[in-house]
Amino acid sequence: MFVAVGSQLAKKLNLPGEDAECMMDGITILRRVLEGDPVPIGARVGVIGAGFTAMDCVRSALRVGACVVSLFYRRTIVQMPADPEEIHAFLEEGIKIVELAKPAALHIEGDKLAGLVCTKTEYTGERDDSGRKIPFDVPDSEFEIELDTLILAISQHSVLDFFGDDAP
């Protein structure tokens, strides 16, 4: 038997404030856009991620009303797993990429997102088992970008609760 369930549950950053207003996951945003019922977003939108979901999120955010869209990635653009054509397309549309930036904290005012605090990262020459360069935090390099909405597109995992106690 083969069961294909997809990966529909978004991963989180595990940072305080992640439940604040204007924090959204990429799968929900894309589903709502597809259904013709996009979530209201602010003028300044950030997306964290570098894969196919992130590409769809940055371009969709622009189409549903964001004025400034920025993509945050802890590595450089050449290491993004997304298709190079999609990367070229979002850059052509004026979407910004903030490379070598690792989310460190959320700036929350009241119960609403006000910005994303990042730590700069750098390469030191070390590589992981797959050969990719490993980004390391640069000490005392935090910076903040003001945002109205932050979309997390950092991967998803499957919901397997329908298997009961036999879940893999």
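The values are calculated or read from the model by the stated rules, or taken from the named source; none is laboratory data. Bear in mind that the values here come from a model prediction, so they are computed numbers and not experimental data. When we count neighbours, we look across all protein chains shown, and the Cβ atoms used for this are built from the backbone with ideal geometry, even at glycine. Heavy atoms of the whole protein, side chains included, go into the accessibility calculation; ligands, DNA and RNA do not. Shrake-Rupley method; radii C 1.70, N 1.55, O 1.52, S 1.80 Å.
Can you list the HN-Hα couplings for segment 105-121, worked out from phi with the Karplus curve (6.51, -1.76, 1.60; θ = phi - 60°), rounded to whole Hz and with x for Gly and Pro?
So the Karplus estimates, Gly and Pro as x, are 6, 10, 8, 10, 10, x, 10, 10, 5, 10, x, 10, 9, 10, 10, 5, 10 Hz.
If Glu18, Glu99 are ordered by their accessible area, calculated over protein heavy atoms with a 1.4 Å probe, which sequence runs from highest to lowest?
Greatest to least solvent exposure: Glu99, Glu18.
Can you check what the net charge comes to around Ala114, using other residues whose Cβ is under 13 Å from the Cβ of Ala114 (Lys, Arg +1; Asp, Glu -1)?
-4
For a protection proxy built on the mean count of beta-carbon atoms within 10 angstrom, sort 19-31, 133-145 highest first, please.
Most protected by this proxy first, the peptides run 19-31, 133-145.
Please sort 106-113, 45-52, 32-39 by packing, taking for each peptide the average over its residues of neighbouring beta carbons within 10 angstrom, highest first.
Top of the packing list down: 45-52, 106-113, 32-39.
All other residues with a Cβ under 14 Å from the Cβ of Phe90 taken together, and with Lys, Arg as +1 and Asp, Glu as -1, what is their net charge?
Cβ neighbours under 14 Å give a net charge of -4.
Rounded, prolate or oblate: which fits segment 1-155 when a ≥ b ≥ c are the square roots of the eigenvalues of the alpha-carbon gyration tensor, with rounded for a/c under 1.5 and prolate only if a/b beats b/c?
rounded
State the extension gain, in nm to one decimal, for the chain segment bounded by Ala114 and Arg32, taking 0.36 nm per residue of separation less the distance between their alpha-carbons.
Additional length available on full extension: 27.2 nm.
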